[in-house]
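Down below is the structure, laid out as structure tokens.
The values are calculated or read from the model by the stated rules, or taken from the named source; none is laboratory data. Here the structure is a predicted model, which means the values were calculated and not measured. Heads up, the Cβs are rebuilt from the backbone with ideal geometry, glycines too, and the neighbour counts pull from every protein chain shown.
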Amino acid sequence: MAKAPKIGKWQLAIMILLFQIGSTPLFELGVDAKQDSWLAMALGAAIGGIFLWMLLRIQTRSPDADMPELYKQLFGKWLGFTLAVPQALIFAYESMRNVRDFGELTVMTILNKTPQWSIMLLIILLSLYAIWKGVEVFFRLVELLFPIVFFSYILLIALLIQTGLPDYHRLLPIMGDGLAPIFKAAVPDIVAFPFAQMLTMLMFWKYVKPIASRLRTTYSAYTIVSLFLVFMNMLIMSVLGPALSGYSMMPFLEAVQLIRIADFLERLDVVVTILLIIGLFVKLSLLFMAAVLALSSLLKIPYRKCAIIVAVLIYSASFAEPNNTVHLWIGLKYTVKYVTPVQIAILFIAFLLGFFRKAKPASRTQ
């Protein structure tokens, strides 16, 4: 019997950090709340924290199970299978959206004369190669990428502050229009992206031992990344203000382009590009791997064969939307407003069923 993969608590923490960060800080979520967008982000993180608690309660009732196994235990064999297959396909769909984002944003920022199909083909092949050896190897790879992301953000934040670009007056008045715009900006949009995407971790928590370490690490990493995302939202808003943040495609890139120090330190777009590439790569690869693991388990297809099939499906589907406008419209109009709420509703039912079904004890290694 093949040895089960093992993920260390530090690797889990880094994966949660980079997965949640993804490309999120490059944009200004919650701009409909104007200068209160950071409050919308904070509210989304708080609601996402409740969702995370619910996910962990579901998972810890059967610590050695992943999403398909948990669904079968809670909903029964056939209904669980019926619900798990669409969820696995949603993982693949979300990975596809990140592949398309990668292609669109790369063409927009640095490779505007390179065919988009070739950029997307390259990233899906790199992602396939990254997950080919399985869970342990991919988590180790992400662990190696973390210092690049960490020091890049530290550098850019320090330079923005050093240049005096942030102005806290752009964050005022706080709650000038009341709570309604904040709530409307946070629910369901910010809750769905990025915080509800923690659902993906249901495929990987079982590889982290012991359970207590799994819980502490997840909550700690989620808290840290939530605070970071709120801070980045405040920073971008304090640099650009509500009007410019609302109209810009990539507000963080716009803010970084304003950095000028001693007439020689400028054009730091390349650093933002590195963050964009790493963030999208980690996110789309983890979603890709989650889809492969789930479908391989449900359909009894060998892991690597399933990975090739899913890679072809993701790449093919990434061309379904005719342009970036339609791509963004579908994501904002349908994915975050309908697909994610249905996912949350199913998991809430699973959470309630957990109270009425006997929990499976953890293995002795835990």
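The residue of segment 304-324 that is nearest to Ala290 (Cα to Cα), among those that are of a type in the set (Ser, Thr, Tyr) and surrounded by 15 or more Cβ atoms within 10 Å (Cβ to Cβ), is Tyr315.
With the requirement that a residue be outside any helix (DSSP H, G or I) and either among the acidic types (Asp, Glu) or more than 20 Å from Asp64 (Cβ to Cβ) (or both), what does segment 179-218 give you?
Filtering segment 179-218 for residues outside any helix (DSSP H, G or I) gives 179, 193-194, 204, 208-210.
Matches in segment 179-218: Leu179, Phe193, Pro194.
Quick one: count up the residues across segment 30-47 that are surrounded by fewer than 23 Cβ atoms within 10 Å (Cβ to Cβ) and in contact with a Phe, Trp or Tyr (Cβ under 8 Å, 6 or more places away or on another chain). Count: 2. Among the criteria (1) in a helix (DSSP H, G or I); (2) touching a residue at least 40 places away in the same chain (Cβ under 8 Å); (3) of a type outside the set (D, E, K, R), the one Leu165 does not fulfil is (1). Taking the criterion of being over 15 Å from Gly22 (Cβ atoms) and among the hydrophobic types (A, V, I, L, M, F, W, C), the residues of segment 82-114 that qualify are Leu83, Ala84, Val85, Ala88, Leu89, Ile90, Ala92, Val107, Met108, Ile110, Leu111. In summary, Arg267 fulfils each of the numbered conditions (1) in a helix (DSSP H, G or I); (2) without any contact (Cβ under 8 Å) to a residue 40 or more places away in the chain with the single exception of condition (1).
Does Leu52 fit the bill of being crowded, with 21+ Cβ neighbours inside 10 Å and at pLDDT below 95? Criteria not met by Leu52.
I'd like to know if segment 117-127 contains one or more residues that are farther than 25 Å from Ala311 by Cβ and crowded, with 19+ Cβ neighbours inside 10 Å. Within segment 117-127, none of the residues are farther than 25 Å from Ala311 by Cβ and crowded, with 19+ Cβ neighbours inside 10 Å.
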